[in-house]
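The structure appears right after this line, and notes come after that.
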Amino acid sequence: MRSGSILEKVLADGKFAVTAELGPPKGADPQVIIDKANILKGHVDAVNITDNQTAIARMCSMAAAKIAIDQGLEPIMQMTCRDRNRLAMQADILGAAALGIKNLLCLTGDHQSFGNHPEALGVFDLDSITLIKMVKDMRDVPQFQCGEEITFAPKLLIGAAANPYADPFPFRAVRLAKKVEAGIDFCQTQIIYNLEKFEEFMRQCVELGVTERCKILAGVAPLKSAGMAKYMKNRVAGMDVPDEVVERMAAAEDAQSEGIDVCVEVINRVRDIEGVAGVHIMAVEWESAVPEILSRAGLRAGSGS
Amino acid sequence: MIAAERKPFEQIKLVTDQFENILVVGCNTCVAVCLTGGEKEAEQLAAELRLQRRNDGIGGSVETVTVLRQCENEFVDSIAADVEGKDLVLSMACSIGPQLIAERHPAVRVAPAMNTNMLAVVQKHHVWSEYCVACGDCGIFNTGGICPIARCAKQLLNGPCGGSQGGHCEISAEVPCVWQLIYEKLATFGLEGNLSRIGGPKNWSKSNSGGPRTMKKEGFEP
Ligand code: SF4
Ligand code: SF4
């Protein structure tokens, strides 16, 4: 085992993994995380703890991940390259491992202009791919990025994100292959609504041998309203929401229930696609939807079965 | 070239209002091509200042002089007679100018009239685009002669990131995704496969991050 995490075991056993997302609060109250963790606990194998998501300052992902551990929920700590340089990142990686965090998701991060501190300096000393390589070397060699030896290696399962809907499309599977080359064990994709494009992306991943070396979790999310569908379609960078999904949400009497149904249908479709090893449910600020989605999809956390 | 633009008049006036005899110094190289800080623009600013100061009842004089380059000692030294007796020198060069004037004429106060923005190309008339941030370790042979350090919003060495859509950067539909351009450029040579190689991490010690830099030409005594 590389990390000894539950997620690693579920994936290694070939079980269909289920992960969700838990956003830390814009404040210092640990209870927010405790409450969210208790909604998700028992339903998912692990939860992503976001890192200043969309460049909005929040409680740090390491502290929130530790609180999740204390609640009996396994965290996937997210780390972006936007807010810290390689020194700070390595310090945080060692600290996270020392606190019992076993999964790390490596991201470049949204540009600071999206968030609530657009005047901040964007660090970007590394990018997601050089971060992945650094974490792998810290774990497996083990050495720091500078080449110095590490005496007690951080045992972390390494993850990344992949967006099949970004351009140029022929490069998206190649870029994921680069992340595999750099050292990831798993990846979670952008939220999927356009299934045809995702299927093509997965075909390319299979062809490139990505799926043999990396477990791919398909990203899904329940839409709450037609407005949210439109917003995601038009305003969120890197999203692809087909018109028929927007129309379906607009026509629905009970939009929330319809949103969950759409999400369940996506889950059922992606389960049949070769190379898909699990789903990552992004119900941001709607954690209570996760148990409902899983029950309608007839899914249980791999660790729970 | 270095691209710089004039600060708003309101901001300049906050400084100039505190002084009596002012010398506006134009620079006839980059900022003259930018049409922001050459001889003509220096005279324009001086005229604006004179009018404002007359209306506001501020005494003293506003004169101008323009040199070929404010980044070289000999040109900056040549304005000694003009600087004499002035309370403030207002430089219209890139921000190298006011620093060198302050260094070479230590008795006088110096202020910048410009904001220095970037190392740029003239994209089209009156539009400048950043092409280089002087990182000290040029790697653009690997990226089709296109710089991701200066032109990617996140300085990625392994783009395009997941925010690249329709050829533009995630930060704005007005900003081209430079990694899309790099991909297309390499594809014209059939080399887009090169992008499957991992780039970086970058050595920032050669950049300004490594501390202020000096450059010496070997074999020459300073
Ligand atoms: S790589 Fe460095 S030196 Fe080369 S163009 Fe980019 S910023 Fe300038
Ligand atoms: S969209 Fe392109 S230019 Fe913008 S940050 Fe991503 S790779 Fe860089």
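The values are calculated or read from the model by the stated rules, or taken from the named source; none is laboratory data. On a predicted model such as this, the values are computed, not experimentally measured, just so you know. Cβ sites come from the backbone with ideal geometry, for glycine too, and all protein chains shown count toward neighbours. All accessible areas refer to the heavy atoms of the entire protein, side chains included, with ligands and DNA or RNA removed. Shrake-Rupley method; radii C 1.70, N 1.55, O 1.52, S 1.80 Å.
Among DSSP beta bridges whose residues both lie in segment A:6-296, state the antiparallel percentage, nearest 5. Show your work: numbers first, answer last.
Details: 1 of 34 bridges.
Rounded to the nearest five, the antiparallel share is 5 percent.
Let me confirm one metric for peptide A:172-181, namely the mean number of other chain beta-carbon atoms within 10 Å of its residues' beta-carbons.
Working: counts 3, 0, 4, 8, 0, 1, 6, 2, 0, 3.
Per residue, the number of nearby Cβ atoms from other chains is 3 on average.
Two decimals is fine: what's Rg over Rh for segment A:109-188, C-alpha atoms, Kirkwood radius as Rh?
Values: Rg = 15.0 Å, Rh = 14.3 Å.
Radius of gyration relative to Kirkwood radius: 1.04.
Could you sort the residues of segment B:158-174 by number and keep only those whose accessible area is reduced by 10 Å² or more in the all-protein-chain setting relative to the chain alone, 1.4 Å probe?
By number: B:158, B:159, B:160, B:161, B:162, B:163, B:164, B:165, B:166, B:170, B:171.
Considering every residue in A:267-280, what mean count of other chain Cβ atoms within 10 Å of its Cβ is obtained? The partial results should precede the final answer.
Numbers: counts 0, 0, 0, 0, 0, 0, 0, 0, 0, 0, 0, 0, 0, 0.
Shielding by partners across A:267-280 averages 0.
Determine the dipole magnitude for segment B:2-117: charges of +1 sit on the beta-carbon of Lys and Arg, -1 on that of Asp and Glu, nothing else is charged, the reference point is the Cα centre, and the result goes in debye to the nearest 20. Don't jump to the answer; show the numbers that get you there.
Working: 11 positive and 17 negative charges, 47 e Å.
The calculation lands at about 220 debye.
Checking the cross-link filter: which lysines have an alpha carbon closer than 30 Å to that of residue B:217, excluding same-chain neighbours under 8 positions apart?
Here the lysines satisfying the reach criterion relative to residue B:217 are B:202, B:206.
Where a ≥ b ≥ c are the square roots of the eigenvalues of the C-alpha gyration tensor, would you call segment B:136-209 rounded, which needs a/c under 1.5, or, failing that, prolate if a/b is larger than b/c, or oblate? Mind dumping the intermediate values first?
On the way: a/c = 1.93, a/b = 1.18, b/c = 1.64.
Oblate, because a/c is 1.5 or more while a/b does not exceed b/c.
Please report the accessible area of residue A:165 (heavy atoms, 1.4 Å probe, ligands and nucleic acids excluded) in Å², nearest 10.
The value for residue A:165 is about 0 Å².
Out of the DSSP beta bridges found with both residues in the protein assembly as shown, what percent are antiparallel (nearest 5)? Mind dumping the intermediate values first?
Numbers: 13 of 60 bridges.
Approximately 20 percent, going by the DSSP bridge assignments.
What is the local net charge at residue A:23, summed over the other residues whose Cβ is closer than 14 Å to its Cβ (Lys, Arg +1; Asp, Glu -1)?
Values: positive: A:26, A:36, A:58; negative: A:21, A:29, A:35, A:51, A:110, A:285, A:287.
Computed value for this residue: -4.
Report the residue, chosen from B:27, B:94, B:135, that carries the largest GNM mean-square fluctuation when chain B is represented by alpha-carbon nodes joined by springs under 10 Å.
In this elastic network of chain B, the residue with the biggest mean-square fluctuation among B:27, B:94, B:135 is B:135.
Which of the peptides B:112-118, A:239-245 is most tightly packed, and how do the rest follow, judged by the mean count of other Cβ atoms within 10 Å per residue?
On the way: B:112-118: 20.3, A:239-245: 16.6.
My ranking of the peptides, most packed first, is B:112-118, A:239-245.
From the cross-link list A:41/A:197; A:36/A:178; A:15/A:155; A:36/A:179, which pairs have alpha carbons spaced over 24 Å apart?
On the way: A:41/A:197 32 Å; A:36/A:178 34 Å; A:15/A:155 22 Å; A:36/A:179 31 Å.
Exceeds cut-off: A:41/A:197; A:36/A:178; A:36/A:179.
Calculate the length of the line joining the C-alpha centroid of segment A:94-143 to that of segment A:23-42, in whole Å.
22
Per residue of B:197-208, count partner chain C-beta atoms within 10 Å of its C-beta, then hand back the mean as an integer.
That works out to 3 on average.
Based on Cβ point charges of +1 for Lys and Arg and -1 for Asp and Glu, what charge dipole magnitude is obtained for the protein assembly as shown about its Cα centre, in debye rounded to the nearest 20?
Details: 54 positive and 66 negative charges, 165 e Å.
In total the dipole reaches around 800 debye.
How charged is the neighbourhood of residue A:85? Take every other residue with its Cβ under 14 Å from the Cβ of residue A:85, and add Lys/Arg as +1 and Asp/Glu as -1. List each step's numbers first, then the result.
Working: positive: A:82, A:84, A:86, B:154, B:202; negative: A:83, A:92, A:125, A:127.
Net charge around residue A:85: +1.
What is the sum of charges, Lys and Arg at +1 and Asp and Glu at -1, for the other residues whose Cβ falls under 12 Å from the Cβ of residue A:38? Write down the numbers at each step before the final one.
Numbers: positive: A:36, A:41; negative: A:35, A:70, A:287.
Neighbourhood net charge equals -1.
Return one whole number: the accessible area per residue of chain A in Å², for a 1.4 Å probe. Working shown, then result.
Numbers: 12120 Å² over 305 residues.
It amounts to 40 Å² per residue over chain A.
Give me the lysines in straight-line cross-link reach of residue B:7: C-alpha distance below 26 Å, same-chain residues under 8 apart excluded.
Hits, sequence-local ones excluded: B:40, B:86, B:124.
Sorted by accessible area with a 1.4 angstrom probe, largest first, how do B:39, A:253, B:130, A:21 fall?
A:253, B:39, B:130, A:21
Roughly how big is the A-B contact, given as buried accessible area in Å² (both sides, 1.4 Å probe, nearest 100)?
For A against B, buried area totals roughly 2200 Å².
For chain A, give the magnitude of the charge dipole about the Cα centre (Cβ charges: +1 Lys/Arg, -1 Asp/Glu; no others), in debye to the nearest 20.
540
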